[in-house]
Amino acid sequence: LFKTSTTSAGTLTFSTDGSLADAKLGQVGAILAKFKVATDGVEDITLKSMTFKKDAVSTSQDSDFTNFKLYLNGSQVSSGTLVNKYVTFPMNTTILKNKSDQKFEIRADIIGGASKTVRFVIDSSTDITANGSQYLYGANTSGTGTAPATTVNITAGAVSLVREDAAIDKVIST
């Protein structure tokens, strides 16, 4: 005799986490995205990897950035490389507790792209690999396709040259 049952997998809900300041050319560890991830209360969820796309709004090039890092609540949990508009952050044991909100940041060093913009999004639900800790099923995702979706402007300093006609009142001879 067999019985069937249903089990709900945990869900991760992604949303933006406020606005971002402009980043400066040459800045180390510039914050390029901030987002929140909420768990729905079914179970703890173990994150395996997260992939972000530099979307079509971005005017910067992949080569304008280096040294990508992913932070969770202020602590680095992974690093990645931007290749063909995508950066993937592999994670081994990043566990998001049941019924919690966690804050993430994507940071990178800016080595080019003055007067350009950059914006990262989670392109689709398949860009998040996560399993529920209790039932071990793949976690559901919500809010993908847009989050984190905050545009960052890359700024650079300016140099001004001003000509001054100073009076010469002393002559030095050698």
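The values are calculated or read from the model by the stated rules, or taken from the named source; none is laboratory data. No experiment lies behind these values; they were computed from the predicted model shown. Note: ideal-geometry Cβ built from the backbone for every residue, glycine included; neighbour counts use all protein chains shown. Each accessible area value is taken on the protein alone, full model and side chains, heavy atoms only, with ligands, DNA and RNA left out. Shrake-Rupley method; radii C 1.70, N 1.55, O 1.52, S 1.80 Å.
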**Q.** Single residue of segment 1-26 satisfying the filter (among the hydrophobic types (A, V, I, L, M, F, W, C) and at pLDDT below 85) that is nearest to ASP109 (Cα to Cα)
**A.** ALA9
Q: Pull up segment 14-30, narrow it to residues that are assigned to a strand (DSSP E or B) and closer than 9 Å to ILE154 by Cβ, then point me to the one that is nearest to the chain's Cα centre (by Cα).
A: ALA30
(Q) One residue is enough: does segment 35-43 have a residue meeting the conditions touching a residue at least 24 places away in the same chain (Cβ under 8 Å), open to solvent by 20 Å² or more (accessible area, probe 1.4 Å) and under 15 Å from the mean Cα position of the chain (by Cα)? (A) yes
(Q) So, in segment 120-174, how many residues would count as being open to solvent by 100 Å² or more (accessible area, probe 1.4 Å) and modelled with pLDDT of 85 or more? (A) 1
